[in-house]
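Just below is one structure, and these are the notes that go with it.
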């Protein structure tokens, strides 16, 4: 008795149940096979993209430098990469004393105006 002989013996509901169980089993097997292939590929792609990130960062930095060079008409390219000059010295004490006297006079004038406004 072949497939057709067994089919004729069973009612249709039992056949549907039997075939659906077989199909589910095959689908699970296929699903495992697909996932088994896709997951390693996804991991590999992820690691490759992480390596590409450094290259992309370098390319972006080069592009930024190029645009800055164009904006500054080349002046940025002539600037040193780091400043080695010493910081300028502070103003002499005499110059600051004169400005302190002026600022004290300004403060006194503002205080007198404030007092006039309050009264």
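Only one entry of 54, 102 meets the criterion of being under 30 Å from the mean Cα position of the chain (by Cα) and modelled with pLDDT of 70 or more, and that entry is 54. Checking each residue of segment 13-33 against the condition of being touching a helix residue (DSSP H, G or I) at 6+ places or on another chain (Cβ under 9 Å) and either part of a helix (DSSP H, G or I) or at pLDDT below 75 (or both) gives at least one match. Of the residues in segment 87-96, at least one is under 37 Å from the mean Cα position of the chain (by Cα), surrounded by fewer than 10 Cβ atoms within 10 Å (Cβ to Cβ) and either at pLDDT 80 or above or not in a helix (DSSP H, G or I) (or both).
The values are calculated or read from the model by the stated rules, or taken from the named source; none is laboratory data. Quantities reported herein were computed from a predicted structural model and do not represent experimental measurements. For neighbour counting, all protein chains shown are included, and Cβ atoms are generated from backbone atoms with ideal geometry for every residue, glycine included.
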